[in-house]
1. Calculate for chain A the 222 nm mean residue ellipticity that helices alone would give, adding -39,500 (n - 2.57) per DSSP H run of length 4 or more and normalising by residue count, nearest 500 deg cm²/dmol.
2. Please arrange B:194, B:134 by counting, for each residue, the other beta carbons lying within 10 Å of its beta carbon, fewest first.
3. With a point put 7 Å past each Cα toward its Cβ, work out how far residue B:80 is from residue A:56 in nm, to one decimal.
4. When you count, for each residue, the other Cβ atoms within 10 Å and take the mean per peptide, how do A:48-57, B:18-27, B:124-133, B:165-174 rank with the highest first?
5. With a 10 Å Cβ neighbour count serving as the proxy for reagent exposure, in which order, fewest first, do B:138, B:38 appear?
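We did not get these values from a lab; they are worked out from the coordinates using the rules stated. If you're wondering where the values come from, they're calculated on a predicted model, not measured in any experiment. No Cβ is skipped: glycine too gets one built from the backbone with ideal geometry, and neighbour counts run over all protein chains shown.
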């Protein structure tokens, strides 16, 4: 997926462990681990809201877009359809 | 009584499937033994290895005072019996595969987690097996007709061919195709839900 979760970088900046974040946000450590490793399929606004509140950041600091090979193929398909 | 989970209808069906599994293996062994015995019987009668005390002088077996040819005992000649063994083997082999898949499905239902990708694969394998059994049944029945016509000169003239389509089987296959896709979509949605943080 082209959306990258940069949670580990923010946690490093804030000198906060994943366990601390889990306690403060109210999301299980297992789910935060899924989010951090990029295995998550979707993120709820409520989770994003809680993360931004605790980490005192903007959603854009947690998520970033990096085009992947799939996106390039999809774009080429869209252009061909047009 | 609940449909899924422990002490549910699914767990009772699972026990029934275990019984069917055992019965099918018994039938498979019986069919295998019968096929081996018939094969040995054909070879021995063809080579004349069966002793003269069993056979009468002209290669006939005496049953209840009647001389019966080895090739046509009770009218079941090899062109009938060989395809019949094949039909039986396909039906029992296919049923074993279907019941094995069903057991795995009901294991999953009994544990209360129906929407798994493996279950969709099991359902897909079941409908493909059913399709295979049904098609091979037509092919083997056709083969019986061809063999009978080739070996019995009067059969081709008197035979009354009729193709019977079993709509209930084809209906079941169609339902299973739909169910397999429903389970695949269900498994995908469940995975997506589990990976939504």
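1. On the way: 6 runs with 52 residues, N = 82.
Computed ellipticity for chain A at 222 nm equals -17500 deg cm²/dmol.
2. Working: B:194 12, B:134 18.
Ranking B:194, B:134 by Cβ neighbours within 10 Å, fewest first, gives B:194, B:134.
3. Simple spin-label model gives 9.2 nm for this pair.
4. Values: A:48-57: 15.3, B:18-27: 13.6, B:124-133: 18.3, B:165-174: 11.4.
Highest-to-lowest ranking by the protection proxy: B:124-133, A:48-57, B:18-27, B:165-174.
5. Values: B:138 13, B:38 16.
Lowest to highest Cβ neighbour count: B:138, B:38.
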